[in-house]
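K.L.:
Questions regarding the structure given below will be posed in turn.
Laboratory data are not the source of any read-out in this text; all were calculated from the coordinates shown. The model shown is predicted, which means the values in this text are computed figures rather than measured ones. Virtual Cβ from ideal backbone geometry, glycine too; neighbours counted across all protein chains shown.
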Amino acid sequence: MPPTRKLEKASSIWQRLYSIKADDPQLNEETWSTVQPCKTYRMFGKDVFITQPSSSFWVYLLGVMTTILGVYFIVDDQQQSSRMLWGISLILWGVGALIAGTSYQAFGYQLKCKGRPRAVWTSWWEVVYLVFQQVSVNVMFVAVAYSCLESFGQSLSIIIATVVSIGYTLMICWGAFKPVKSLITFELMVHFCTPFIVFCIGLNAWRYWEFGNPLDLALLGTWFGLILTMWLFEKYAALDLTNKLWKEGKWFSENDVLHVALVIWVIYIAIVLEPLVIDLPTNTL
């Protein structure tokens, strides 16, 4: 096969993702700004078109805060494997948020609409975000294991997290290349993460009941904070408050609810959880 044909074939494989069109058949260059706030800013001598400016602020703030906290965990790891793992998890989460905000919010027009007769449903930025987010939770699960389980449980958690991470990444790549919309949704990613959160709730609740360890109580606060965040996100979306407010010229979406709540969640981790994170005594990575 000639080199040019190979390049065309490779390009077409990557372009398959964009065959999934936006749910709204009327969403295009002309209507993009009617369904959400958009504004052009002058940056570095150029006009930059930003979608959902306020939403972009919140998601980027979340990404920066979470990444910085992750770096702090690593810098101040105190030779504790659990702290190192929390750092890696939070960096993945933070970078994932920055990637997500670029496509879902700030530069969604450029990535999913500009130059197209009809906007597309997703982009590769969002696919990468889903992988980062899911793997972040898997690493967080291992971090908890190093604080709460003996060596066998720690080893088992690594195996489980590795298998799920590889399996999810392969699945989402298949879904993106094929493409299969149902395999590359935020909701499915959440379903993959949920069992880890449920397990951690059970583990930390039992340990706190048995030992009264402040770390377990702080971790329970972390998990219930996530649950509350998702409940607020889903409740807000179910009430269709985003569209109701937008009809009045106001913008605060369900994603804003998610990101503002997660900013508070990250602050909680920094203030309450971080000082308590250590390995289970006598165990190291």
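K.L.:
Quick one: Cα centre-to-centre distance for region 105-142 and region 225-251, in angstrom?
P.N.:
20 Å
K.L.:
Under 1.5 on a/c is rounded, so check that first for region 100-259, then, if it is not, pick prolate when a/b is larger than b/c and oblate when it is not; a ≥ b ≥ c are the square roots of the alpha carbon gyration tensor eigenvalues.
P.N.:
Since a/c reaches 1.5 but b/c is at least a/b, the shape of region 100-259 is classed as oblate.
K.L.:
When the dipole is taken about the Cα centre of region 37-276, and only Lys, Arg (+1) and Asp, Glu (-1) are charged at their Cβ, what size is it in debye, to the nearest 20?
P.N.:
1160 debye
K.L.:
Could I ask something else about it? Between D24 and R116, what length in nm is gained on full extension when 0.36 nm per residue of separation is reduced by their alpha carbon distance?
P.N.:
31.7 nm
K.L.:
Using modelled backbone amide H atoms (1.01 Å from N, in-plane), which distant-in-sequence or interchain residues come within less than 5 Å of I50's amide H?
P.N.:
Sorted by chain and number, the residues that satisfy this are K39, T40, Y41.
K.L.:
How much length, in nm to one decimal, is gained on full extension between K181 and D47, taken as 0.36 nm per residue of separation minus their Cα-Cα distance? Mind dumping the intermediate values first?
P.N.:
Working: separation 134, 0.36 × 134 = 48.24 nm, distance 3.34 nm.
Answer, rounded to one decimal: 44.9 nm.
K.L.:
Here is a further query. Under the definition of Cα pairs under 8 Å and six or more residues apart, what whole-number percent is the relative contact order of the chain? Don't skip to the answer; put the middle values down first.
P.N.:
Values: 379 pairs, mean separation 62.2, N = 285.
Relative contact order comes out at 22 percent.
K.L.:
Per DSSP helix of 4 or more residues, -39500 (n - 2.57); summed, then divided by the residues of the chain. What does that give at 222 nm, rounded to the nearest 500?
P.N.:
-22000 deg cm²/dmol
K.L.:
Send over the Kirkwood Rh of the chain, from the inverse of the averaged 1/r over different Cα pairs, rounded to one decimal Å.
P.N.:
Final number for the Kirkwood radius of the chain is 20.5 Å.
K.L.:
Sorted by average packing, counted as other Cβ atoms within 10 angstrom per residue and highest first, what order do 97-104, 115-122, 76-83 take?
P.N.:
97-104, 76-83, 115-122
K.L.:
Then there's this: For the Cα atoms of the chain, what angle does the longest principal axis make with the long axis of helix 186-211, in degrees from 0 to 90, nearest 10?
P.N.:
20 degrees
K.L.:
Below 12 angstrom from the Cβ of I50, what's the summed charge of the other residues (Lys, Arg +1; Asp, Glu -1)?
P.N.:
+1
K.L.:
Residue by residue, what Karplus-based ³J(HN,Hα) values in Hz, rounded to whole numbers, does region 49-62 have, using 6.51, -1.76 and 1.60 with θ = phi - 60° and x for Gly and Pro?
P.N.:
Coupling constants for region 49-62: 8, 10, 8, 6, x, 5, 5, 4, 4, 5, 6, 5, 4, 4 Hz.
K.L.:
Name the residues whose placed amide hydrogens come within less than 5 Å of the amide hydrogen of I20, ignoring near sequence neighbours (fewer than 5 apart) on the same chain.
P.N.:
For I20, whose amide H was placed from the backbone, the distant partners under 5 Å are W121.
K.L.:
Here's a follow-up. With θ set to phi - 60° and the Karplus curve 6.51 cos²θ - 1.76 cosθ + 1.60, what are the ³J(HN,Hα) couplings of region 15-25 in order, to the nearest whole Hz, using x for Gly and Pro?
P.N.:
7, 4, 4, 7, 6, 7, 7, 4, 4, 8, x
K.L.:
Continuing with the same structure: Which one of V272, L215, T282 is farthest out on the positive end of the charge dipole of region 189-285, using unit charges on Cβ (Lys, Arg +1; Asp, Glu -1) and the Cα centre as origin?
P.N.:
Checked the options; the winner is V272.
K.L.:
Could you count how many Lys pairs in region 37-276 have their Cα atoms under 26 Å apart, skipping same-chain pairs fewer than 8 positions apart?
P.N.:
20
K.L.:
Follow-up question, since we're still on this one. Between L245 and W206, how high is the FRET efficiency from 1/(1 + (r/R0)^6) when r is the Cβ-Cβ distance and R₀ = 51 Å? Nearest 0.05.
P.N.:
Efficiency at R0 = 51 Å is approximately 0.75.
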